[in-house]
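Taken together, the values in this text are just the output of simple stated rules run on the coordinates, not laboratory data. This is a predicted model, so every value here is computed, not measured. Cβ placement follows ideal geometry from the backbone for every residue including glycine, while neighbour counts extend to all protein chains displayed.
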Amino acid sequence: MDQVVKTDEEWKKELSSEAYRVLRQKGTERPFVNKYHDAKEEGIYECAACGNDLFSSDTKYDSHTGWPSFWAPLAKDKVKVILDKSQGMIREEVVCVRCGSHLGHVFNDGPKPTGRRYCMNSVSLDLIK
Ligand SMILES: [Zn+2]
C-alpha cells in the first residue's frame, strides 16, 4: 500500500480545523453530536485524511457511547494499534496505516465475535454509501 506522507502545513491546509485537531493532533470529538455515532446507512467508512478503506457498516454497532463503534476493521492491515499512555491512562490508539492519522481508540468491551470496540471519531471517517 502506498503511504501518504504530508507536512503539517499541508494537512492544516487540506483539513477542516476540527478534522485537523482530531486526525493530526490526536484530539477527540464530543460524543453524540458527531456525524456518524447513530448512522445506520450501509457502506464503507474511509479515512477522512487519505481515503483508505477502514471499516464496513457490517461491523458497526450501537455502543451507546456517542461515537461510531465497530467490532472489527475491514481488514487487519488497514489500521495500526499503538500503545497510548497519555492522560494518565493506558489505552490502545488506532491510526490509519496509510497516512498515520489518529482515528480513535480500541477497547476490550466490544461484542462478539471479537470482543473489541473500535471507538472512532466521526470526523476521522467518510462514509461512502
Ligand atoms: Zn489515512
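Contact order normalised by length for the stretch 8-128, with contacts defined as Cα pairs under 8 Å and 6 or more residues apart; what percent is it? Spell out each step's value before the answer.
Values: 256 pairs, mean separation 33.5, N = 121.
Relative contact order, the stretch 8-128: 28 percent.
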With a ≥ b ≥ c the root eigenvalues of the C-alpha gyration tensor of the chain, is it rounded (a/c under 1.5), prolate (a/b larger than b/c) or oblate?
rounded
Cleavage-rule hits, GluC sites (Glu not before Pro), the stretch 1-68, DSSP coil, Cβ neighbours within 10 Å at most 13:
E41, E42
Counting only Cβ distances under 4.7 Å between cysteines, those in the chain with no partner are C119
Assigning unit charges at the beta carbon (Lys, Arg +1; Asp, Glu -1) and nothing else, what dipole magnitude in debye, to the nearest 20, does the chain show about its Cα centre?
300
Select from V123, V33, V106 the residue farthest towards the positive end of the dipole of the chain; place +1 on Cβ of Lys and Arg, -1 on Cβ of Asp and Glu, and compute about the Cα centre.
V106
My understanding is that a pair violates if its Cα-Cα distance is over 30 Å; which of K85/K129; K12/K78; K6/K112 do that in this structure?
K85/K129; K6/K112
In terms of the charge dipole of the stretch 8-128, which places +1 on Lys and Arg and -1 on Asp and Glu at the beta carbon, the residue among S56, G43, M89 farthest towards the positive end is M89
